[in-house]
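For reference, the structure is listed below as structure tokens.
Values quoted throughout were computed directly from the atomic coordinates according to the rules given, and no laboratory measurement underlies them. Quick caveat, the model's predicted, so the values are computed rather than measured. Backbone-built Cβ (ideal geometry, glycine too); neighbour counts: all protein chains shown.
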Amino acid sequence: AFNFSAGPATLPEVVLRQAQAEMLEFGDAGASIVEMSHRGPEFIAVASQAEADLRQLLSIPEDYAVLFTAGGATTIQALLPLNFAAPGQRADYVVTGHWGKTAIKQASHCIDARVAASGEADGFTSIPAREGWQLGADAAYVHITDNETIHGVQFAAAPETGDVPLFADFSSSIASAPLDVRKYGLIYAGAQKNLGPVGISVVIVRRDLLQRPGQPRADIFNYASLAARDSMLNTPPTWNWYLLGLTVRWMLEQGGVEHFAALNARKAAAVYQAIDGSGGFYRNAVDPAVRSVMNIPFFLPDDTLNARFVAQAKAAGLLALKGHKAVGGIRASLYNAMPLAGAQALAAFMADFQQHNG
Ligand code: PLP
């Protein structure tokens with residue numbers, strides 16, 4: 001079966017099989033990886049290899065710290081203002097869908113979080129032109145969501161924000177294609193789409209930004225403290241970190257982000273062609289210039305067909321295609337672990353379904 005879930009998403013089968021074996025005994029350690037101390041040599045080796053591999057995969061420069069954090073991307077959204085903005089300071093949010101709204105909601109209680117631009121008026125089907133963004137030179141940061149998982153809207157390139165650092169939520173697009181880390185002050189992602197299992201997240205942050213005083217906060221919420229202690233202020237989610245490491249290694253072995261960019265483009269093209277070539281039976285409302293490569297929401301001519309589509313797809317081995325309730329319709333998520341054959345099988349199913357229901 002092919003799993004089109006928006007997250008938690010499919011992990012590569014080889015990763016799951018290796019994890020299955022090492023769940024019982026890690027190497028010749030006589031214990032499972034989940035039973036080992038996070039301060040012991042075996043786990044330290046796993047953790048540092050995962051960081052080294054992630055640095056290689058994403059070409060992360062040395063002047064950026066990589067943090068592995070417990071909690072999800074939403075937790076990071078709440079911690080960004082505490083770590084990088086003074087109390088009441090302005091920060092600018094470009095809202096291009098549901099997750100941009102979540103980000104600003106998490107921040108507004110302690111800073112002056114402004115909507116610098118929003119795609120809400122057109123139902124989040126486009127990204128407002130950069131010229132129209134209301135940015136303040138005194139903002140602590142500009143926040144964007146690289147890929148909106150629910151609305152299927154993705155930035156084609158990192159926008160320029162001058163001297164104000166760009167912070168980006170890459171939860172559903174990290175490692176899907178090459179990116180220039182230097183264009184960003186901070187990149188964050190929950191792991192559960194392209195990087196591994198839910199329960200661990202990654203923050204890639206320019207080290208000079210860690211010097212910002214931020215706001216009064218417990219040490220456990222302090223990213224500078226976390227960086228100084230290699231993300232081990234307390235017991236980290238070791239199993240998730242280990243699985244993330246296996247997944248990142250698998251991506252390197254497959255050919256890295258260049259390989260996935262080419263593969264993902266072919267997968268997305270197969271599904272968008274099935275939509276665009278259906279003579280209007282299937283519809284995707286997103287501006288083609290900013291259509292997501294990872295998450296493709298689309299609609300059938302009549303909402304009453306949704307349940308039949310999802311059930312028949314499931315029977316054909318195409319799982320989790322129900323659209324998010326905020327948008328409705330159908331959604332196909334095509335993360336890195338989805339093979340081309342999965343996208344092609346979906347496209348063939350769509351043609352068949354149209355023939356019987358059109
Ligand atoms: N940001 C984006 C782009 C997401 O897709 C998600 C979850 O799907 C989140 C944030 C929230 O992540 P979490 O559930 O890890 O808090």
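Structure notes:
- Net length available on complete extension from Arg39 to Ala70 is 9.5 nm, with 0.36 nm assigned per residue and the Cα-Cα distance removed.
- When the Cα positions of Val310, Ala269, Ser333 are compared along the charge dipole of segment 266-358, Ser333 comes out farthest toward the positive end, with charges on each C-beta of Lys, Arg, Asp and Glu.
- Relative contact order [Cα under 8 Å, 6+ residues apart], segment 13-254, whole percent: 26
- FRET efficiency estimate (nearest 0.05) - Cβ-Cβ, Gln18 to Ala315, R0 22 angstrom: 0.10
- Note on segment 1-101: Kirkwood hydrodynamic radius from all Cα pairs is 17.6 Å, rounded to one decimal.
- Computed over neighbours whose Cβ is under 15 Å from that of Gly190, the net charge equals -2, Lys and Arg +1, Asp and Glu -1.
- Working note: Debye formula, equal point scatterers on the alpha-carbon atoms of the chain, no solvent; log10 I(q)/I(0) at q = 0.08, 0.15 Å⁻¹ is -0.40, -1.29.
- Electrostatic dipole magnitude of segment 13-254 [Cβ: Lys, Arg +1; Asp, Glu -1; Cα centre; debye, to 20]: 440
- For the residues Gln154, Gln89, Gln254, a GNM of the chain with alpha-carbon springs under 10 Å puts the largest fluctuation on Gln254.
- For segment 13-254, share of DSSP beta bridges that run antiparallel, in % to the nearest 5: 45
- A cut-off under 15 angstrom between Cβ atoms defines the neighbours of Thr69, and their net charge, with Lys, Arg +1 and Asp, Glu -1, is -2.
- The orientation-averaged projection of the convex hull spanning the C-alpha atoms of segment 226-266 amounts to 3.9 square nanometres.
- Choice from Lys193, Lys105, Lys267 with maximal GNM fluctuation in the chain (Cα, 10 Å cutoff): Lys105
- Applying both filters, DSSP loop and at most 10 other Cβ atoms within 10 Å, to the trypsin sites (Lys or Arg not before Pro) of segment 29-102 gives Arg39.
- Selection from Trp250, Leu186, Ala29 lying farthest towards where the dipole of segment 13-254 points positive, charges on Cβ: Leu186
- The order of Val327, Val257, Val115, Val142, going from fewest to most other C-beta atoms within 10 Å of their C-beta, is Val115, Val327, Val257, Val142.
- Of the DSSP H helices in the chain, those whose Cα atoms cover at least 15 Å axially and whose Kyte score averages 1.0 or more: 73-84
- Formal net charge of residues neighbouring Ala116 (Cβ-Cβ distance under 11 Å; K, R +1; D, E -1): +2
- The slack in the chain from Asp163 to Ser225, taken as 0.36 nm per residue of separation less the alpha-carbon distance, amounts to 19.8 nm.
- Multiplying the residue separation of Val198 and Glu25 by 0.36 nm and subtracting their alpha-carbon distance yields 60.0 nm.
- Mean-position separation - Cα centroids, segment 77-114 and segment 208-266, in angstrom: 21
- Mean ellipticity per residue at 222 nm, deg cm²/dmol - from DSSP H runs of n ≥ 4 across the chain, formula -39500 (n - 2.57): -11000 deg cm²/dmol
- Comparing mean-square fluctuations of Ala315, Ala227, Ala274 from a GNM of the chain with C-alpha springs under 10 Å, the top value falls on Ala315.
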